[in-house]
Structure formats: structure tokens, C-alpha cells
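Note sheet for the following structure.
None of the figures in this text is laboratory data; all of them are computed from the coordinates on show. Quick caveat: nothing in here was measured; it's all calculated off a predicted structure. Positions of Cβ are backbone-derived with ideal geometry, glycine not excepted, and every protein chain shown enters the neighbour counts.
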Amino acid sequence: MLENFLVFLISVITAIIASYSTAQWSLKKFYSEKWWERKERAYTEIIDALYDLLQYCEIQKGDFGQGSGYSENKMKLFREKYNQAYWKIKKATDIGAFVVSSEAEIALKELRDRQRPNWDDYDLWDIYEDDYKYYQNTLEKIVNIARIDLKAKKNLKKFFNISFRL
């Protein structure tokens with residue numbers, strides 16, 4: 001009788017420990033996946049914003065006194081996207097370390113704190129060219145950092161659906 005009780009007790013204790021361990025593992029996996037999704041969303045927003053900044057600079061460089069070929073409404077849309085992207089990058093720079101890696105935060109801070117040309121001393125083309133180079137450099141850094149941080153096995157350029165113009 002005592003032997004049966006001990007077998008029963010051991011079985012119950014084993015079941016409780018297994019259930020508890022499984023629940024803990026499931027919760028840890030759930031939170032880990034949610035955190036990964038949040039990081040992926042943050043990197044996607046940063047990359048999208050950098051791409052919008054690049055697009056605007058490219059349009060402005062191409063314009064250089066000749067007209068962009070876009071309607072005023074389209075240019076207004078590009079300016080609005082540029083402004084939104086600019087503020088997204090500023091926000092991501094300030095709160096980025098909470099979600100993205102410290103390397104991404106550093107890359108964004110370098111972009112924000114870079115020496116800007118004086119609007120009075122340079123042509124607009126030079127200013128947009130300078131901005132374009134910084135945005136492109138930061139975009140490439142962020143994509144590489146995201147690949148490492150998200151442990152992505154695929155090419156993130158395809159994952160984020162972006163193409164670089166080198």
C-alpha cells in the first residue's frame with residue numbers, strides 16, 4: 001500500500017513539475033517572439049523613414065534648378081513624407097535603445113549629431129548630396145545591424161523590400 005502511494009505521489013509531483021516547466025517555457029517563448037516582433041517593427045519603421053529621407057534628397061538633387069518634373073501636389077506629399085520621416089528618426093534616436101540594439105542607437109545618433117553644412121555657404125545640391133550620403137550610410141548600417149540583432153538568415157534587403165543605389 002505504501003509503495004503504491006509513493007508511486008502515485010512521485011507521479012503527481014513529476015506531472016506538476018513538468019506542467020510548470022512547460023508553462024514557463026511557453027511564456028518565455030511567447031514573450032521572446034513578441035519582443036522580436038517589436039524589434040522587427042522598430043527596424044522596419046527606421047528603414048522606411050531613412051528610405052523616405054533618401055528619396056526626398058534624390059528628388060531635390062535631381063531638381064537642381066531644372067524642376068523635378070513632379071506636380072506641386074506630389075512635391076508637397078514628398079515634403080510631408082520627408083518631415084514625418086525626419087521626426088521618426090529623431091524619435092527612434094531618442095527612444096531607440098529601448099527596442100533596437102545599442103549599435104543601431106549609435107548609428108542614429110551619429111546621423112543626428114553629424115556636422116551639417118551651412119545653408120548660406122553651400123549650394124542646395126551640395127547640401128542634399130551630403131544628406132543623401134549620410135542617410136544611405138546610416139541605412140546600410142541599420143540593415144546590417146538589424147540582420148544581426150534579429151538573427152535573420154535571409155537577406156534583409158529583400159526582407160525589407162529595399163534596394164540601394166550605389
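Brief remarks follow.
- Value of D in µm² per second that Stokes-Einstein yields for the stretch 88-133, Kirkwood Rh from Cα pairs, at 37 °C (0.692 mPa s): 278
- Among 9, 50, 111, 124, a tally of other beta-carbon atoms within 10 Å of each Cβ gives an order, fewest to most, of 9, 124, 111, 50.
- Contact order normalised by residue count of the chain, Cα under 8 Å, 6+ apart, percent: 28
- Comparing 120, 130, 52 in a Gaussian network model of the chain, where Cα atoms under 10 Å apart are tied by springs, the biggest mean-square fluctuation is seen for 120.
- With 30 Å as the limit on Cα-Cα distance, the pairs of 61/90; 29/81; 28/90; 88/133 that go past it are 29/81; 28/90.
- Annotation: the residues 39, 109, sorted from fewest to most other C-beta atoms within 10 Å of their own C-beta, follow the order 109, 39.
- Residue order, fewest to most beta carbons within 10 Å, for 31, 51, 70: 31, 70, 51
- Positive-pole candidate from 35, 7, 24, dipole of the stretch 4-58, charges at beta carbon: 7
- Taken over the chain, the alpha-carbon convex hull comes to 144 cubic angstrom per residue.
- Three semi-axes of the equivalent ellipsoid, the stretch 37-127, Cα gyration tensor, whole Å, largest first: 28, 17, 9
- Partners of residue 34 within straight-line reach, counting aspartates and glutamates whose Cα lies under 19 Å from its Cα and excluding those fewer than 8 residues away in the same chain: 45, 149.
- Taking the Cα centre of the chain as origin and assigning +1 to Lys and Arg Cβ atoms and -1 to Asp and Glu Cβ atoms, the resulting dipole is close to 680 debye.
- In the elastic network of the chain, a GNM with C-alpha springs shorter than 10 Å, the most mobile of 152, 49, 18 is 18.
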